[in-house]
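Below: the structure, in structure tokens.
The values are calculated or read from the model by the stated rules, or taken from the named source; none is laboratory data. Here the structure is a predicted model, which is why all the values come from computation and not from measurement. We place every Cβ from the backbone using ideal geometry, glycine too, and count neighbours over all the protein chains shown.
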């Protein structure tokens with residue numbers, strides 16, 4: 001009975017409070033997302049990969065850094081599900097632990113770029129004038145260079161490593177969020193809703209923080225989910241080029257780089273990390289498409 005009542009409460013056409021209205025909107029969005037089969041496949045796949053990476057010490061029974069030169073380049077078997085690499089290390093264990101590095105790097109980048117891009121775009125769009133021109137010209141400078149090339153330049157200016165890769169990708173990934181937030185801000189800043197808030201005496205900072213940025217949040221969330229696959233590929237590319245995670249740290253791009261000489265004879269060594277990158281990227285793309293259908297008002 002309580003489940004029925006809860007469902008009726010969540011599907012109410014006349015919410016009794018702002019909190020209920022928010023929960024009704026979220027629940028209806030979830031129902032719409034759940035009805036999209038491909039989006040749910042992406043969500044479930046991404047969740048499984050994240051949980052498997054977090055549970056790597058429980059799921060991997062071998063040390064990802066333990067070397068066994070006598071068993072190097074062994075094909076997949078019951079002892080080594082994904083085979084071993086050129087140093088005899090278990091690829092299955094390294095894939096699980098490598099997911100921690102790659103997916104953790106993606107989460108760190110998203111936590112950096114989304115707030116920065118949202119803030120820059122909202123400020124530029126609301127204030128206009130010189131602030132808008134200055135912030136957008138800086139954004140255009142970053143957009144003028146390919147993301148990977150600019151990330152390589154930043155890593156070279158720092159030093160190769162995970163921290164440098166996070167900073168480099170974050171510095172190159174925020175401009176699209178700023179442009180998107182600015183476009184949404186220009187749409188809502190002249191609305192009656194914002195005018196009413198302004199008449200109450202609210203300052204620019206409060207209006208941007210409490211009223212403009214929440215209005216832009218849905219578009220930014222959609223962009224984040226769609227961008228995560230690109231961030232995964234950029235992180236793997238930096239690792240492949242020796243600018244990201246450094247050996248012997250297990251990271252998918254680094255694993256491909258160290259084993260590319262065996263791609264013809266021992267195909268499983270570079271192929272399995274590549275398949276992991278492909279599955280993760282595809283999962284986030286499918287999930288992002290579903291989130292766009294739910295959150296983007298232009299898709300309704």
- Return only the number of the condition from (1) touching a residue at least 40 places away in the same chain (Cβ under 8 Å); (2) under 15 Å from residue 115 (Cβ atoms) that residue 171 does not satisfy. (1)
- Message: Residues that are at pLDDT below 85, under 30 Å from residue 276 (Cα atoms) and buried (at least 21 other Cβ atoms within 10 Å of the Cβ): does region 205-219 have at least one?
- Response: yes
- Query: helices (runs of 4 or more DSSP H) wholly in region 119-224 with at least 1 residues that are touching a strand residue (DSSP E or B) at 6+ places or on another chain (Cβ under 6 Å) - which ones?
  - Reply: none
- Task: Considering each of 244, 253, 201 in turn, give the residue that is modelled with pLDDT under 85 and within 23 Å of the chain's Cα centre (by Cα).
- Result: 244
- Pairs where the first residue, in region 115-127, is buried (at least 24 other Cβ atoms within 10 Å of the Cβ) and the second is modelled with pLDDT under 90 and outside any helix (DSSP H, G or I), C-beta under 7 Å, 6+ apart: 125/189
- Among the listed residues 140, 184, which satisfies the condition of being at pLDDT 85 or above, surrounded by fewer than 18 Cβ atoms within 10 Å (Cβ to Cβ) and over 19 Å from the mean Cα position of the chain (by Cα)? 140
- Query: Of the numbered conditions (1) over 29 Å from residue 154 (Cβ atoms); (2) crowded, with 17+ Cβ neighbours inside 10 Å; (3) touching a helix residue (DSSP H, G or I) at 6+ places or on another chain (Cβ under 6 Å), residue 263 satisfies every one except a single condition; which is it?
  - Reply: (2)
- Query: Out of all the residues in region 60-94, which are closer than 14 Å to residue 247 by Cα and not in a helix (DSSP H, G or I)?
  - Reply: 64, 65, 66, 67, 85, 86, 87, 89
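Only one of these is at negative phi, in a helix (DSSP H, G or I) and either under 28 Å from the mean Cα position of the chain (by Cα) or modelled with pLDDT under 90 (or both): 14, 45. Name it.
45
A quick yes/no check of all residues on (1) under 17 Å from residue 280 (Cα atoms); (2) modelled with pLDDT of 85 or more:
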position: 71; (1), (2): no, no
position: 75; (1), (2): no, yes
position: 94; (1), (2): yes, yes
position: 104; (1), (2): yes, yes
position: 111; (1), (2): no, yes
position: 119; (1), (2): no, yes
position: 123; (1), (2): no, yes
position: 132; (1), (2): no, yes
- Task: Could you grab me the full set of residues in region 267-300 that are at pLDDT 85 or above and in a loop (DSSP other than H, G, I, E, B)?
- Result: 267
- Note on the structure: Of the residues in region 25-54, those that are surrounded by 13 or more Cβ atoms within 10 Å (Cβ to Cβ) and farther than 16 Å from residue 287 by Cα number 5
- Query: Within the set of pairs 6 or more residues apart or between chains, which connect a residue that is without any contact (Cβ under 8 Å) to a residue 24 or more places away in the chain inside region 128-140 to a residue that is surrounded by 14 or more Cβ atoms within 10 Å (Cβ to Cβ) and assigned to a helix (DSSP H, G or I) with Cβ atoms less than 7 Å apart?
  - Reply: 131/123; 131/124
- Note on the structure: Residues of region 241-257 being part of a helix (DSSP H, G or I) and either buried (at least 22 other Cβ atoms within 10 Å of the Cβ) or touching a strand residue (DSSP E or B) at 6+ places or on another chain (Cβ under 6 Å) (or both), in sequence order, are 252, 253, 254, 255, 256
- Item | Subset of region 55-92 (residues that are crowded, with 16+ Cβ neighbours inside 10 Å, out of contact with any strand residue (DSSP E or B) (no Cβ under 9 Å at 6 or more places or on another chain) and closer than 20 Å to residue 257 by Cα) | 85, 87, 88, 89, 92
